[in-house]
Amino acid sequence: MTSVSELPGATTSLNERVADMVRQKIVQGEFVPGQKLSEAALSESLDISRNTLREVFRTLTKEGLLKHAPNRGVFVATPSIASIIDIYRVRRMIECQALAQAYPCHPAKKRMRQAVDKAQACRGAGDWQGVGTANMDFHMALVEMADSERLNSFFSHLLVELRLAFGLLNDPEFLHAPYVDMNLRLMEMVESNQMAEAAAALGDYLVHSERIVLAVYARQIAQDQP
């Protein structure tokens, strides 16, 4: 059980910590689009009051990660096709520039390599949700090469929305398997200090990823329609 201690005088900090824990559950694939969140169960598992959890729900609803349905409860948000297109547009702007202008010896390269190694290990174990989480870690570390705390904070929120988009797809192996080797090839270029080449390859990679996500999402929407 995950526990969060409620300390007197630390309400704001507590709310932020709990909100971040819920975001991480989305990033790790524990919460998926359309899933109803039980206030009673979640407050118990996080060891917090329902009032605190309601404040967290309000924060995450404003961020577009949750949705409140009157008389029905709180649900994990479902991204639209328009929001997926926008996410990838922003990703190309941020990630490709971060990579092209990165300092060759930046320490974030080690975290990128760790994420690649983790993804390979998860693939070997058939843990495709773990592969997806390692992929998130890889791209977060890539952006950290830009050395901007504001950018890191913004991109971490973007990754939560991206994982929601991935969560719409019912075949995590199909979705994540190709990017284990793609990330490895990018990593090899980065480790060889071929930053311009890596940035160009990343641009093509993100276009490919966007097309796959949108195509599968469109098919799923068509299947769900009566």
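Observations on the model:
- Meets criteria (buried (at least 19 other Cβ atoms within 10 Å of the Cβ) and free of Cβ contacts under 8 Å to residues at least 60 places away in the same chain) for residue 213: no
- One residue from 121, 108, 98, 125 being closer than 30 Å to residue 218 by Cβ, small (Gly, Ala, Ser) and in the same structural domain as residue 187 (by TED's automatic domain parsing): 98
- Any hit, region 42-51, residues being surrounded by 18 or more Cβ atoms within 10 Å (Cβ to Cβ), part of a helix (DSSP H, G or I), of a type outside the set (Phe, Trp, Tyr) and in contact with a Lys or Arg (Cβ under 7 Å, 6 or more places away or on another chain): yes
- Criterion violated by residue 105 - all others in (1) touching a helix residue (DSSP H, G or I) at 6+ places or on another chain (Cβ under 8 Å); (2) closer than 19 Å to residue 199 by Cβ satisfied: (1)
- Search result, residues across region 135-155 that are in contact (Cβ under 8 Å) with a residue 24 or more places away in the chain and either of a type in the set (Gly, Ala, Ser) or assigned by TED's automatic domain parsing to the domain that holds residue 16 (or both): 141, 146
- Condition check for residue 51: over 19 Å from the mean Cα position of the chain (by Cα), more than 30 Å from residue 194 (Cα to Cα), modelled with pLDDT of 90 or more and not β-branched (Val, Ile, Thr): yes
The values are calculated or read from the model by the stated rules, or taken from the named source; none is laboratory data. Fair warning: this is a prediction, and the values are worked out from it, not measured in the lab. Positions of Cβ are generated from backbone atoms using ideal geometry, with glycine treated the same way; all protein chains shown enter the neighbour counts.
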